């Protein structure tokens, strides 16, 4: 799964309708340019690609009254909404994805109901436990890293990663069950998007040809 599709769909959905520069600004505000492939070129490519796939709809806008260039604004379609939630649920439950996929899913987790979010995270823990059990049938960490030469460090890394991932997920579940955050159906969620005239303290300031779209 590509994190960029999930991120772009999430941001467009939060705005309702937005142009590429707004989406890029939001994702930089979330720090996605540091932990994912959400670079300017990939953002504009994803917008155009998903519009071509019917997940987004493109709206041509008029030039601004102060002389700015026309831009293409995107809105999410019913197909795009269904794709977004499918990607979100998969990212929260799949333990074998790259870290940026889970990180992207955390940006959209409050779009789910609280009980569903908890259920999906519990499914993630179960997947991690099953994977760990399968691995340790053939490799026992207690044998020590020297038992398989330096190659043993590979499995040590993954087992420790699985354990840390499960521990972090249990902590998140506890926070959610304890009432943290506002989820869908509970009131106004925190969107984490910027108004068009709001300064982004994390912006890279690097122009891109797609900014004029």
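Results for (1) buried (at least 16 other Cβ atoms within 10 Å of the Cβ); (2) outside any helix (DSSP H, G or I); (3) in contact with a helix residue (DSSP H, G or I) (Cβ under 7 Å, 6 or more places away or on another chain); (4) modelled with pLDDT of 90 or more, shown as yes or no for each residue.
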site: 25; (1), (2), (3), (4): yes, no, no, no
site: 44; (1), (2), (3), (4): yes, no, yes, yes
site: 54; (1), (2), (3), (4): no, yes, yes, yes
site: 62; (1), (2), (3), (4): no, yes, no, no
site: 79; (1), (2), (3), (4): no, no, no, yes
site: 90; (1), (2), (3), (4): no, no, no, yes
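Quick grid of which residues meet (1) touching a strand residue (DSSP E or B) at 6+ places or on another chain (Cβ under 6 Å); (2) farther than 26 Å from residue 28 by Cα; (3) at pLDDT 70 or above:
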position: 157; (1), (2), (3): no, yes, yes
position: 168; (1), (2), (3): no, no, yes
position: 185; (1), (2), (3): no, yes, yes
position: 193; (1), (2), (3): no, no, yes
position: 197; (1), (2), (3): no, no, no
position: 209; (1), (2), (3): no, no, no
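Would you mind stating whether residue 73 is free of Cβ contacts under 8 Å to residues at least 60 places away in the same chain and farther than 21 Å from residue 2 by Cβ?
When the stated conditions are applied, residue 73 passes them.
Any idea which of (1) within 26 Å of residue 190 (Cα to Cα); (2) more than 18 Å from the chain's Cα centre (by Cα) is the one residue 52 doesn't satisfy?
Failing condition for residue 52: (1).
Restricting the stretch 27-42 to residues that are assigned to a helix (DSSP H, G or I) and without any contact (Cβ under 8 Å) to a residue 40 or more places away in the chain, which is surrounded by the fewest Cβ atoms within 10 Å (Cβ to Cβ)?
34
Looking at the stretch 133-155 only, could you name the residues that are surrounded by 13 or more Cβ atoms within 10 Å (Cβ to Cβ), in contact with a strand residue (DSSP E or B) (Cβ under 9 Å, 6 or more places away or on another chain) and either modelled with pLDDT of 80 or more or assigned to a helix (DSSP H, G or I) (or both)?
155
Condition first: touching a strand residue (DSSP E or B) at 6+ places or on another chain (Cβ under 7 Å) and either farther than 19 Å from residue 81 by Cβ or not in a helix (DSSP H, G or I) (or both). Now tell me which residues in the stretch 1-19 satisfy that.
16, 17, 18, 19
Looking only at the stretch 10-23, count every residue that is under 20 Å from residue 110 (Cα atoms) and crowded, with 22+ Cβ neighbours inside 10 Å and tell me the total.
So the count comes out to 4.
Spot the failing condition for residue 75; the list is (1) modelled with pLDDT of 95 or more; (2) in a helix (DSSP H, G or I); (3) surrounded by 14 or more Cβ atoms within 10 Å (Cβ to Cβ), and only one is missed.
(2)
The values are calculated or read from the model by the stated rules, or taken from the named source; none is laboratory data. Because the structure is predicted, anything quoted here is derived from the model rather than measured. Cβ coordinates were reconstructed from backbone atoms using ideal geometry, including for glycine residues, and neighbour counts include every protein chain displayed.
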